[in-house]
Every structure is written in structure tokens, then in C-alpha cells.
Amino acid sequence: MSGPARMTHASTRAAVLDLVRAAGMISRVGLVNATGLTGGTISTVVRGLIDEGLVAETGHAESTGGKRRVMLQLNHFARYAVGVHLDEARITYVLTNLGGAVVARISRAGSGDAEVSDVVARMAREVDALIDSVGVERDRILGLGLVSARPSEHHEFGQALERATGLPVVLDNDATAAAIGEHWSGGVGATSTFAALYLGTGIGAGVVLGGTTYRGPSGHAGEIGHLCLDVDGPECRCGARGCLEVLAGPGAVVAQARADRALSRAAGLAGGRTRAAAPVAADFAAISRAARRGNARALALLERSARYLAVSARALANVLDLEVLVLTGPSFAIAGSVYLPVLRAELDRAFIARAAHPVSVRLSPSAASAPAIGAAAIVLQSELVPRQTGMRLPDDLAAGEPPVFVR
């Protein structure tokens, strides 16, 4: 058998719930037309979703001559999810409802070099404070999404956080999470092929193809920061030379600014602290502020970085035939006004398929907290996509499949 006949009850339920979420409001007939399932199957699934409190009937559609159709809508406050972006510079927490809207948000100092046990205990307290600030019952929290630049290094951390919070924990990459957050919240509209270009202390990209997040077999798809732009360039931490990140990432911008004494003084840079992520993030923000104040040296550094990113973004758009490119992440939140016009100009000028369609380049309205929002969205997806058991992140992460809870 093929098509709808092969769908299990769980996958049918997931598909129907996701369609209701994406549509905003839809009738049972609309669900039949969208899924190809029978009216009886749709009625059974919808009845179950209503009984669970996940979907509600809300008014009627306009009459087309027959009986007015009852409209269905997601109950946004039926469930919640916690999203956490773990970074050495900052830890950002959000609580979202089932529709992906942020209902609470806090940001605290990063993990730095603290012991794992201390960081886990502190994060558990902060998660409790986040939930308590809204007064949501604990049994309505689906789980906690934890994202970082290196999720493969945080598997045991995630397990410890699960024990400390009592919540199921799912891990993922911060750039991928940012893309999922944009897709889930409707920030890219009906677009099914787009990328989120992420700028934090490093550079990455989250990719959604045909409406499905693409991670690759190891979960490292979208590592645009290690695209080679100069074969004879400086050595990168990955072992290659001339990578985008080492030429134009926030760390490179900060290093160049620190070497310029006049700019370093004007921007108030943190002199000798060269390796920690927190000073890089703070100094990149200081350079961005100096550029906004009209400091020509600071602006020139950011524009140089933007040109490298623009060329790399064009390569990504050409390879994937992107429709939309969203700029997101903490560093774009600070310096996006410099980068956005440079990337737009490059893609307008040289995107290979521009005669067929343009690439819409936009700055995320929630760039600073996008990874945390996406982390919560990954948990929400678990309500819509049948869970698979016996799998763990990141070793068993399959391309095109949502992450699964660490158990």
C-alpha cells in the first residue's frame, strides 16, 4: 500500500495537528482535501485532538450554499516548551506555547569555565524560575530543548540537565534550531526552501529543504563557516585554511580591531583577553556600537566581514536554490543593519537563478534569542511527529528527521 493507507494512527494524528497549526484555522473538509484521508479518519483524529485539548472548534466558515463548516484551531495554551541556548557568553531561556509564541524569556551570564555540575544546577534553578514566572503547571511542559554550537559535546550534559529539571531534554545545533524556529513561527511564510544564516561567536547555517530540516547524517549540515574562501589563507581551527570563519567571523573582526590601537581605544575593547568567547562577543558588540556612532574604522571592518559573508551566502543560495535567507543569531542582532544591505546587494547582483526568482534576504526580528526559540520549537515538533524510541542524539540523528528525546 502507499500514500495515506500506510500512515499509522500516530503519524496521521501528527500530520493533522501540524496542518491545523500551519493553517491557523481549517475545517475538517479542508483537512480531508489536504491529506487525502477519508472523512471518517479525519473525524476520528480530530475528535481525539479535541478531547486532548490540543485543538478547539472556533466558529464557522462562510456559507457556500450548504451547511456551514466548523473551523478548527490549535489551542496554543494547551502545552508549552522550554528552549535553552547554551553559550559561553550567554545562556538564553525561553518558554513558548504550542504555537511557538514566546511567553517568558530570561538571559543570564554564560557557562564560562565553570564545572558542569555547577552549570547544570544553576540552569535547573533558572528553568524553574522561568516556568514559575508564568505560573504554568509543570505537567503541561512537553520538555526542554538545549542547543549549542557543539551539541555532540553536550550529550552527558543534556542527560544531567534532564535529571536535574525532571523534563525530557532534546539536543541540537544552534544554527539548525534558529532555522526551525523561523519555520515553526511562520517567519518565512509558506516558503519551503530557505536557510537561516547564523552569526554568534561563530558562523553557521540551518537549512530547510521542501519544508524538512536537513541536518546531514552527523548533524553537521550547514557548516558554512568552514567554506574555503582563500586556499592560502590563515589556518582555521578545523585544520583547513582560509575558512569564512577565520577570515570574517566575529573572532576575526575582534582580532583585527584589537590590533588597531586607535579603534581599540575608541571602542573600549577588552585588551588582552583573546580566547574566551565572552570577550569576543562583548568586543564584537562594542565594535558594532562604534560603527553605529560613525567610527569609520569599525564600519570598514564590519563591511569587510559582510562582503565575505555575502559571497558565502551566494554560494549557499546557488547550491540549494534558496528562496529566502534569514539572518539570525546574537551578532546579527547587534550588527545586522551593516550586514543586511551588503548581502542583499550580492544576491540581487549574482544569484545564479535570479532571472527565475529572487532570494529574499531578511533580518530575523528575534535574532538574539532565535536559537532558544528554535530549541523550544524542536520540543514542540515532538508533539507533531511520532516519537522514535531507542535513539539518542547525536549519534543516531538521521537526516530529515526531528531530534528525539534523550532517554
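A short reminder: the numbers here are calculations on the coordinates, not readings from a lab. Note that the structure is predicted; figures quoted are calculated from it, not measured. We place every Cβ from the backbone using ideal geometry, glycine too, and count neighbours over all the protein chains shown.
How large is the Kirkwood hydrodynamic radius of the range 99-174, counting all unique pairs of alpha carbons, in Å?
With all distinct Cα pairs of the range 99-174 included, I get 13.3 Å.
Let me know the Kirkwood hydrodynamic radius for the range 177-233, please, with Cα pairs as the basis and the value in Å to one decimal.
The Cα-based Kirkwood calculation yields 12.2 Å.
Separation between the E52 and R292 pseudo-spin-labels, each 7 Å from Cα along Cα→Cβ, expressed in nm?
Those two pseudo-labels are separated by 4.3 nm.
Which distance in Å, rounded to a whole number, links the C-alpha centroids of the range 277-341 and the range 137-193?
25 Å
What would the Debye formula give as log10 I(q)/I(0) at q = 0.07, 0.11 Å⁻¹ for the alpha-carbon point model of the chain, no solvent?
Log10 of I(q)/I(0), two decimals: -0.35, -0.84.
If you average the sequence gap of Cα pairs under 8 Å that are 6 or more apart and divide by the length of the chain, what percent do you get for the contact order?
That works out to 19 percent.
Working only with C-alpha atoms, what are the Rg and Dmax values of the range 276-383, expressed in angstrom?
15.6, 50
Which residue fluctuates the most in the chain, going by a Gaussian network model with Cα springs under 10 Å, if the choices are T193, T328, T38?
T38
Treat each spin label as a single point 7 Å out from the Cα along the C-beta direction, and report the S107 to R140 distance in nm.
2.7 nm
If the label point is 7 Å along Cα→Cβ of S43, which residues in the range 11-28 have backbone nitrogen under 14 Å from it?
Only 28 fall inside the zone, counting backbone N under 14 Å.
Which ³J(HN,Hα) values in Hz, rounded to whole numbers, follow from the phi angles of the range 318-331 under the Karplus curve 6.51 cos²θ - 1.76 cosθ + 1.60, where θ = phi - 60° and Gly and Pro get x?
Whole-Hz 3J(HN,Hα) from phi for the range 318-331: 5, 5, 9, 6, 5, 9, 9, 10, 9, 8, 8, x, x, 6.
Once label points are set 7 Å from the Cα along Cα→Cβ at both R68 and D132, what is their separation, rounded to one decimal in nm?
Label-label distance for R68 and D132, simple model: 4.7 nm.
Could you tell me the convex hull volume per residue, in Å³, taken over the Cα atoms of the range 15-102?
About 110 Å³ per residue, rounded to a whole number.
Kindly provide the helix-only [θ] at 222 nm of the chain, computed as the sum of -39,500 (n - 2.57) over DSSP H runs of four or more divided by all residues, to the nearest 500 deg cm²/dmol?
Taking each H run of at least 4 residues, the total per residue is -14000 deg cm²/dmol.
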